[in-house]
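Encoded as structure tokens, the structure appears first; notes follow it.
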Amino acid sequence: MNEEYGWRRGDGVADNVRTAAVWSQVRELGESRQQELSRPLRVLDLGGGTGGLAVALAERGHTVTVVDPSPDALASLGLRAEQSSAAERVTAVQGDEDDLADIAAPGSIDLLCCHGTLEYVEDPAATLVRMAEVLAPGGHLSLLVAQRVAAVLARAIAGQFEQARAALTSADGRWGEEDPMPRRFDRAELREMLGRAGFTTLDARGVRIFSDLVPGTYLDTDAERTALLELEELASTDEGDTGLARLGGAVHVVARRD
């Protein structure tokens, strides 16, 4: 069962319950696209930071360029890559969304990952357009962003009812000036922006529906972590009567470049 979910010693994105579900989707997408193209993928990780995702993808044979504005994060990425078996397939570039056209040629990328980054860019809609421009037709976007509803619920549970109201009604999904998150997204808003940028949304799954709430003392064993991830997976696509997927701290969207 652990192998099914990718939990292995030393693979950070796979053995962390907060990232394992997203990694499972990205890994499967990479494998599927590699079979279709009959070659490893050209991957760009925008805001990839210290490279947990990038190195894991490179270890599976893909060529990965990580773009991040933080020199400290890129230094950590370099160390992580050197300690892996795939250092020659990982390239670090200091920059941000405004530099994409200078970093990658139009239509040159097979898979673009943007996890926990769209919330911080100045213009999310324009950033999606830039990402579409460097993706090959039929290429895929893996997008992970914070969801509004989770913040509303968290503020209400904490007894911060005015903050919960603000998060629910504000245009950017923030609960106040002290909110560390620059913005949160609704799914309908995401789909609309993706469509305008030239993407077709293929899948949207709730992430961290329960794992943000479960105390770490309940996750001491592989069996407990596996059980939690199975529960997360079961609820991640639930858009029916309970709508649990919308309660996740984030939503993971897979979209195809038209």
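Highest average first, the peptides 94-105, 39-50, 204-215 ordered by how many other beta carbon atoms sit within 10 Å of their residues are 39-50, 204-215, 94-105. Short-range pairs are left out: with C-alpha atoms under 8 Å and at least six residues apart, the relative contact order of the range 1-146 is 20 percent. If you take all other residues with their beta carbon under 13 Å from the beta carbon of Ala73, and give Lys and Arg +1 and Asp and Glu -1, the sum is -3. For a modelled paramagnetic label at Ala101, 7 Å from Cα along Cα-to-Cβ, the residues of the range 123-144 in reach, with backbone nitrogen under 14 Å, are 126-135.
Calculated [222 nm] ellipticity per residue, helices only, for the chain: -11500 deg cm²/dmol; basis is -39500 (n - 2.57) per DSSP H run with n ≥ 4, divided by all residues, nearest 500. In the chain, taking the dipole from charged Cβ atoms about the Cα centre, the farthest positive-side position among Thr169, Val149, Met193 is held by Met193. Across all directions, the average flat footprint of the convex hull enclosing the Cα atoms of the chain is 14.1 nm².
Could you please rank Met193, Met131, Met181, placing first whichever residue has the fewest other Cβ atoms within 10 Å of its Cβ?
In increasing order of surrounding Cβ atoms, one gets Met181, Met193, Met131.
Rg ratio for the range 154-247: its Cα radius of gyration over 2.2 N^0.38 Å, N being its residue count, equals 1.30.
Cβ crowding within 10 Å ranks Glu36, Glu233 as Glu36, Glu233, fewest other Cβ atoms first.
Of His140, His62, the sequence from fewest to most neighbouring Cβ atoms within 10 angstrom is His62, His140. At the listed q of 0.17, 0.19, 0.22 Å⁻¹, the Debye profile of the range 83-195, built from one uniform point per Cα, gives log10 I(q)/I(0) equal to -0.87, -0.99, -1.17. Paramagnetic label reach from Ala136 (point 7 Å along Cα→Cβ; backbone nitrogen cut-off under 17 Å): within the range 81-111, residues 104-111. Annotation for Leu213 and Ser70: the two label points, set 7 Å from Cα along the Cα-Cβ direction, are 2.9 nm apart. Extension gain for Gln160 to Asp203 (0.36 nm times residue separation, less C-alpha to C-alpha distance): 12.2 nm. Computed from the Cβ-Cβ distance with R0 of 30 Å, the FRET efficiency linking Asp220 to Arg39 stands at 0.10.
Only the coordinates and a few stated rules stand behind these numbers; no lab work does. This is a predicted model, so every value here is computed, not measured. Because the Cβ atoms are built from the backbone with ideal geometry, glycine has one as well, and the counts that use them run over all protein chains shown.
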